[in-house]
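Structure first, commentary second.
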Amino acid sequence: MRVIVAGAGKVGTYIATDLTRAGHEVLLLEKSREVVEREKADPDHAAVEFRVADACELASLTRAGLESADVVAAVTGDDEDNLVISLLAKQEFGVPRVIARVNHPKNEWLFNETWGVDVAVSTPHLLTALVEEAVSVGSLVRLLQFEGGKARLEEVTLADGSPAVGRQVSELGMPRDSTLVAIVRDEHVIVPRGDTSLHAGDEVLVLLTPESETGVHQIFVG
């Protein structure tokens with residue numbers, strides 16, 4: 001898989017290094033020559049290909065061969081730059097998957113398919129969701145969203161009074177645009193089957209759309 005990462009900050013270099021170690025072809029773009037020289041000197045990044053380039057410029061992306069990229073990750077520290085990079089990657093080069101970092105939570109609403117973003121990652125919102133997930137029982141908590149919010153990964157810890165407790169997966173009547181992805185029970189992950197029964201205290205992960213959220217809520221929360 002060929003991945004192009006824009007932004008050689010701590011996030012970008014970590015992603016590039018991790019993907020390179022996993023056997024992927026990674027090119028890291030950074031407009032600051034000083035930053036590139038500093039990161040290239042780090043032995044931990046020896047396998048990463050760096051290039052001094054402004055990823056907001058069409059000519060720079062053309063020279064980087066963006067048309068052959070399978071994934072582009074725009075992870076600079078500037079939301080405006082990440083949006084421009086995403087839009088160019090999708091509209092000018094037709095990159096199949098574009099992932100963008102949201103630095104300021106108030107800008108998250110912009111990171112959608114209109115700007116070429118397939119997946120937006122907002123660290124503050126993700127941390128909030130993980131805190132809620134740790135302390136909430138009997139309520140749906142949104143962990144991640146995809147395709148500009150058209151699909152979401154949500155989690156619910158089943159309370160004692162949940163309508164789903166004691167029922168098998170096949171009996172739940174999940175809405176059409178939703179699926180039960182996994183069940184975490186006693187620190188073990190269970191891949192749900194039709195005859196899998198649900199227990200109080202189970203952490204249930206559901207992939208759903210906004211249209212199916214009400215139905216999912218009724219099934220697991222009541």
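The values are calculated or read from the model by the stated rules, or taken from the named source; none is laboratory data. If you're wondering where the values come from, they're calculated on a predicted model, not measured in any experiment. Every residue, glycine as well, gets a Cβ built from its backbone with ideal geometry; the counts of neighbours run over all protein chains shown.
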Does the range 160-171 include one or more residues that are in contact (Cβ under 8 Å) with a residue 60 or more places away in the chain, in a loop (DSSP other than H, G, I, E, B) and surrounded by fewer than 18 Cβ atoms within 10 Å (Cβ to Cβ)? yes
Counting only helices (runs of 4 or more DSSP H) entirely within the range 32-105, those with at least 3 residues that are in contact with a Cys (Cβ under 8 Å, 6 or more places away or on another chain) are 79-91
Residue in the range 202-218 that is surrounded by the fewest Cβ atoms within 10 Å (Cβ to Cβ), counting only those that are within 17 Å of P192 (Cβ to Cβ) and among the acidic types (D, E): E203
Restricting to the range 1-31, and then to whatever is out of contact with any Gly (no Cβ under 9 Å at 6 or more places or on another chain) and assigned to a strand (DSSP E or B), can you tell me which residue is farthest from D81 (Cα to Cα)? E25
State yes or no: is A100 closer than 15 Å to V119 by Cβ and either over 22 Å from the mean Cα position of the chain (by Cα) or buried (at least 21 other Cβ atoms within 10 Å of the Cβ) (or both)? yes
Does E108 qualify as being buried (at least 18 other Cβ atoms within 10 Å of the Cβ) and without any contact (Cβ under 8 Å) to a residue 24 or more places away in the chain? yes
If you take the residues in the range 42-66 that are modelled with pLDDT of 90 or more and of a type in the set (G, A, S), which one is surrounded by the fewest Cβ atoms within 10 Å (Cβ to Cβ)? A59
Of the residues in the range 185-222, those that are touching a strand residue (DSSP E or B) at 6+ places or on another chain (Cβ under 8 Å), closer than 15 Å to M174 by Cβ and in a helix (DSSP H, G or I) number 5
